[in-house]
Every structure is written in C-alpha cells, then in structure tokens.
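The values are calculated or read from the model by the stated rules, or taken from the named source; none is laboratory data. Since the model is a prediction, treat every value here as computed from it, not as a measurement. Note: ideal-geometry Cβ built from the backbone for every residue, glycine included; neighbour counts use all protein chains shown.
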Amino acid sequence: MAIENKKGWISWFNPIKYGFDRWLFAMHRFTGIVIGLYLMAHVFETSNILRGPLTWNNVMVFLDWPFGIHFGPYILSALLLVVVFHALNGLRLTIVENGLMLVRPYRPEYPYKPKSLAGWNFALKIVLGILMIVISVFGIVYIFTGVIL
Amino acid sequence: MELVLKGFGEVVKTVTFRVRRYDPEKKEMPKYMEYKVPVQRGMTVLDGVLYIKEHLDPSLAARYSCRMGICGSCAMIINGKERLACQTQILELNKDLIKVDPLGNYDTVKDLVPDLNKLFKNHESVKPYIVREEAEPYGEYIQLPEEREKYALFTECIMCGACLSACPTMATDDLYLGPQALAQAYRYIADSRDAGFNERLNLLDSKHGVWRCHFAGACSEVCPKGVDPALAIQLLRGVLSKNVFIKYKQNPAKLGPERASIKEVL
Ligand code: SF4
Ligand code: FES
C-alpha cells in the first residue's frame, strides 16, 4: 500500500525547525543535484569543439556574455560556491559517517540536545566553513580579475 | 487542608488549533479544520486535542495513553516539528495558531493516529534481543557497568516513531529501516552479552540499511527522549566499515552462576 502521508522528495528541501545539520543535508542534496546537472551541461558544452574552432569560440563568447550581458563570471562564482560546499561538507560526512570524531554514548539529560551533532563534529563544521569562505574569496577574485591572491 | 493554587484553572488566552482531519473510510481528501481552544496554565497540546474532542468535535481521533512521555503514543507534528503532544506546553510554543498533523511517512489510521506498523516491523527485523548460540540460560550474563554505558543511551527509546517522520531518507524510501530500528540494532550489537552480529549483518549492510542514512540529524533533533539515533547509526556504520578489513569480533559475556529459582520459573 502506498504511504498516504509520505513527505516525498520535496521535504528534503524543508529543513526549517530541524537544526543546522538538517540545513547542511538540504544544501548537500541541492548542490549535489546542481553539480550533476552541471556535469552533463559541461560535457555538452565542451563537445562543441568537435564542430570546429569558429563554433567553439562562439560558444565561449556566448557563455561569457549570454544575451549581451557579461554574466559568465557570476555563473562561475556560483558554481565555485556549490562545488566547494559539496566537497568540504562531503569530506566532513566521510569522516563522521564512519563513526570517527563523534562523542561516545552518553547519558541523555534534559533538554536532550543531541551531542552527536556537537563536539568535534561541530568543530569540523566551523573549520571547514572558514576554509570554504577562504577558498571562495580566492576563487571569486580570480574569476573576476584573473589575479591569484 | 485546602490546597489553593494561584492561577489554577484560569484561562490565560485562546489559541486556534488547526488540525488535519482525514478518514480513509470516507473517500475524501485530508482537510484542515480550525478550533478555538481556551488555554489554562500547564495545558499541553494533548490536553488541547482532548478539549476539542470533549467540547467541540467528538469525531476527532488521537492516540494517547500515559500523558507523561512514557508510552510514546502521542507523537504528532506540532507546528512543523515532531513532538510528543503530552510533553509540549501550549504556552511555551508561544503561538496563537497551533498546527497539528499526524506523523508523516506513515499511513494514517484516522486524523492524528498514524499506523506505526512499519516502525514495529522494522524494529523486529533487526532482532532487538540478545542472540546467543547456547540454550536458554539459568542465570545472568555477567556485565560490567562500563560495558553497559556503551549502549545505555539507546535503551531509552520509547518507540514513538517521531524520528521516522523527521527522517528525510524515510520521506522517499519506503523500505529504509529507519533511525529507530538502526539505533536498536546498534544497541544490541554494542551489548557485551550479545553474539548476533553476523545474523544482523545482511539486513543492516543492504541497500535499505545503514548506508541510506545521510546524517541529517533530524531524528536526534526531534527525539523526545534524547536517544540520539543518529549517533547510533554512525557508530554502527563505523563497526560495519571496520568489519570490511578486520572481522568484527564479539566476545559474548560469560554466564554467571546458575540459579535454582530461575529453573523453577522456567
Ligand atoms: S529513537 Fe527517539 S524519536 Fe525515535 S522512536 Fe525512539 S524515542 Fe521516538
Ligand atoms: S501520552 Fe504517553 S507519551 Fe504522550
């Protein structure tokens, strides 16, 4: 029997009220889907080189100046943020999902804040968050100005 | 002696309950109905639901039993989060509109009553009991207090089913075991008296087993008893991934002295 009250995939993107890790989950899903779609588009984009140098140059110019607006760097910056988030959060998940850097089982005490999401796991989130900001700043400056800081 | 409680029975404010009504026997879509409930100090959401049942609409169905957070019957989605209705103070929510839904990811029996069969079936499938090779013992297995600490946290579960409703994997995967069952699997695997790791392994190490968890932490966030099922799942995964390289060995605890009294009972 189908589950009548099933929340469905749309609920992945509704982290409200469930805490920080649930937000990370929603963003991880979202960025994962974006990266998947991007990879397909990327293969299609680069396949244009088979149609000769002229088409290739046209495609490159169109992607940098879509419809006459210099929008390319913004797309690249957004993509960079997406990839950096997914990579760093994925690194954290690889660690904690193998039972490493987590607390030992403890005695629950009111108001029952889950400690698995705190402690080293939380420190990891902070460190990787800072790393994400640093990488993004370097990357975005490079994308817009071509200068390596 | 006459007991006078200050402010007792005094109506503090009136809140609106928006309750999801659904009866599978009538071929109607679920709908929301609103009720005005006068709130006294100390009134829980469950009291509010019962007030509606007694005074406004007797056809409203809800499940409850202990009213003190022990039985795990009354879990509902209250203002978008899974909570025990009997443990949620209306005044603490601090809202004029209280939205009450039955638990998600389950069939609904009627109105606020979810069909928890799935929870119990999954729980049963991970063998939530001590598995031993030898026959029924006539005494206790010896366990140290430190050994008990390794799983004591996860024995706290009252099987309310809130975690399955909050779990984003459960939202799209019917066959997933769910945080409750996986936490209980770890509770028995980490128990020094148990010898059933290999019996449970096939089920846990399957497509719908531990690897489906993505550590969103929602289960731990909503658990009314602080069981932290997410922690159990990650630790279980640690055991399973180490098991790939070095076979996980359980050293089942030794049997204590035989007891004549147990022999008599059995
Ligand atoms: S783990 Fe917590 S939320 Fe899940 S069934 Fe047990 S008590 Fe309820
Ligand atoms: S009625 Fe028993 S837990 Fe709420």
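Quick notes on this one:
- B:GLU134 being surrounded by fewer than 15 Cβ atoms within 10 Å (Cβ to Cβ), away from ligand 2 (no atom under 13 Å from the Cβ) and in the same structural domain as B:LYS254 (by TED's automatic domain parsing): yes
- Qualifying residue in the range A:113-128 (condition: surrounded by fewer than 12 Cβ atoms within 10 Å (Cβ to Cβ), modelled with pLDDT of 95 or more and more than 14 Å from chain B (Cβ to nearest Cβ)): yes
- Some residue of the range B:15-26 being within 24 Å of B:GLU221 (Cα to Cα) and part of a helix (DSSP H, G or I): no
- Residue among A:ILE95, A:ILE75 that is within 14 Å of chain B (Cβ to nearest Cβ), in a helix (DSSP H, G or I) and surrounded by 14 or more Cβ atoms within 10 Å (Cβ to Cβ): A:ILE95
- Filtered residues of the range A:130-149 (kept if free of Cβ contacts under 8 Å to residues at least 24 places away in the same chain and within 16 Å of A:PHE20 (Cβ to Cβ)): A:ILE130
- The condition (being buried (at least 17 other Cβ atoms within 10 Å of the Cβ), farther than 29 Å from B:VAL49 by Cα, more than 14 Å from ligand 1 (Cβ to nearest atom) and among the small types (Gly, Ala, Ser)) is satisfied by just one residue among B:ALA190, B:ALA183: B:ALA190.
- If the condition is being more than 17 Å from B:PHE120 (Cα to Cα), hydrophobic (A, V, I, L, M, F, W, C) and either away from every other protein chain (no Cβ under 12 Å) or assigned to a helix (DSSP H, G or I) (or both), then the range B:169-202 contributes B:ILE189, B:ALA195, B:PHE197, B:LEU201.
- Complete set of residues in the range B:203-228 that are outside any loop (DSSP other than H, G, I, E, B) and in contact with a Leu (Cβ under 9 Å, 6 or more places away or on another chain): B:LEU203, B:LEU204, B:VAL210, B:TRP211, B:ARG212, B:CYS219, B:SER220, B:GLU221
- Here the range B:100-112 is the region considered, the condition is being assigned to a strand (DSSP E or B) and within 11 Å of chain A (Cβ to nearest Cβ), and the residue that is nearest to B:ILE189 (Cα to Cα) is B:ASP107.
- Just so you know, in the range B:30-67 the residues that are among the hydroxyl-bearing types (Ser, Thr, Tyr) and more than 16 Å from ligand 2 (Cβ to nearest atom) include one that is nearest to the other protein chains (Cβ to nearest Cβ), and it is B:TYR32.
- Being surrounded by fewer than 20 Cβ atoms within 10 Å (Cβ to Cβ), within 16 Å of ligand 1 (Cβ to nearest atom) and within 20 Å of the chain's Cα centre (by Cα) is a condition met by no residue of the range B:88-111.
Results for (1) of a type in the set (D, E, K, R); (2) in a helix (DSSP H, G or I); (3) more than 14 Å from chain B (Cβ to nearest Cβ), shown as yes or no for each residue.
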residue	(1), (2), (3)
A:ILE16	no, no, no
A:LEU39	no, yes, yes
A:TRP56	no, yes, yes
A:VAL59	no, yes, yes
A:VAL82	no, yes, yes
A:HIS86	no, yes, no
A:LEU91	no, yes, no
A:LEU100	no, no, no
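- Residues that are more than 9 Å from ligand 1 (Cβ to nearest atom), touching a residue at least 12 places away in the same chain (Cβ under 8 Å), surrounded by fewer than 22 Cβ atoms within 10 Å (Cβ to Cβ) and facing chain A (nearest Cβ under 9 Å), drawn from the range B:148-168: B:LYS150, B:TYR151
- Candidates B:LYS36, B:LYS27, B:LYS31, B:LYS53 - the one that is of a type in the set (D, E, K, R) and at pLDDT below 90: B:LYS27
- Evaluation of B:CYS163 against the conditions (1) within 16 Å of ligand 2 (Cβ to nearest atom); (2) touching a strand residue (DSSP E or B) at 6+ places or on another chain (Cβ under 8 Å); (3) in a loop (DSSP other than H, G, I, E, B) shows that the sole unmet condition is (3).
- Residue in the range B:122-139 that is in a helix (DSSP H, G or I) and either touching a strand residue (DSSP E or B) at 6+ places or on another chain (Cβ under 6 Å) or more than 13 Å from ligand 1 (Cβ to nearest atom) (or both) present: yes
- In the range B:68-90, residue nearest to ligand 2 (Cβ to nearest atom) [restricted to those that are part of a loop (DSSP other than H, G, I, E, B) and within 12 Å of chain A (Cβ to nearest Cβ)]: B:GLY69
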